[in-house]
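Each remark here refers to the structure printed beneath this line.
The values are calculated or read from the model by the stated rules, or taken from the named source; none is laboratory data. Note that the structure is predicted; figures quoted are calculated from it, not measured. Every residue, glycine among them, receives a Cβ derived from its backbone with ideal geometry; neighbour counts consider all protein chains shown.
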């Protein structure tokens, strides 16, 4: 009920009467009052005035269930939310609950992730409360060989959310790194459980550098955060909700087509590699060429120096700019 009350209070800057809340939620005034008191104890600044009702004036910096769900504008993505103050890995936990039958759209969110996962076994750790650490459970009715495209869908969603909320020139470094001015703000790791021709579940983990103000020396030149780019903190729950909004829209287009044909143009518009000289780092086969953007399978089309064209599959292949990270 607390998330529904917060949603109702967020819909207007004016007071919302207790009676309106009762009717909307089909509960008693006492139940509303108890929920308001709990929210106040959790750090929400809610003004209560006799004969006027309640008004939301401030809220804590949290990504707890009620805060995230009160901001969601989705039908299924991010519903429900499971929140942890501390967890080893949101991906590890999401796989566990997916094995136990968690429904598609379940979102695992943590304030502190102690063993966050990156590509190729890397560890992604941040200070508590500074990043967005989330994993979404999916159950796509698609063959396993198409699932890698989901990672590109999430990358596009995060980039679009940052553009909408903050007006930042976010772009994508193929396949799914979200980048601002040549520096990475987001990484995505997708993991899958599948049979030979069907998918049991997919978990897609997303880490966004939201309010991180300092990075280790070894990555300082290629990593940034929203607070560093904007000069002020961002609301992580608002960012999560906006990412879910775009992901739901894009994922439904992806599953409708079975590929990225309905998203290809939008993705290529903000693909930073497009039209640039790139170096493809494939085990035993490294080469340079010019990127032409992705095809409907999410492969990066690269014209080699000899004029031949290759379609690079994400997998374990890395693509770097010839003169830098992008």
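If we keep just the residues of the range 126-139 that are farther than 17 Å from residue 65 by Cα and touching a strand residue (DSSP E or B) at 6+ places or on another chain (Cβ under 6 Å), which is surrounded by the fewest Cβ atoms within 10 Å (Cβ to Cβ)?
Checking each candidate, the answer is 139.
Given the structure, is residue 205 more than 21 Å from residue 296 (Cβ to Cβ) and either over 14 Å from the mean Cα position of the chain (by Cα) or not assigned by TED's automatic domain parsing to the domain that holds residue 77 (or both)?
no
Of all residues in the range 6-55, which are in contact (Cβ under 8 Å) with a residue 40 or more places away in the chain and part of a helix (DSSP H, G or I)?
6, 7, 9, 10
With the requirement that a residue be out of contact with any strand residue (DSSP E or B) (no Cβ under 6 Å at 6 or more places or on another chain) and at pLDDT 65 or above, what does the range 312-321 give you?
Hits for the range 312-321 are 313, 314.
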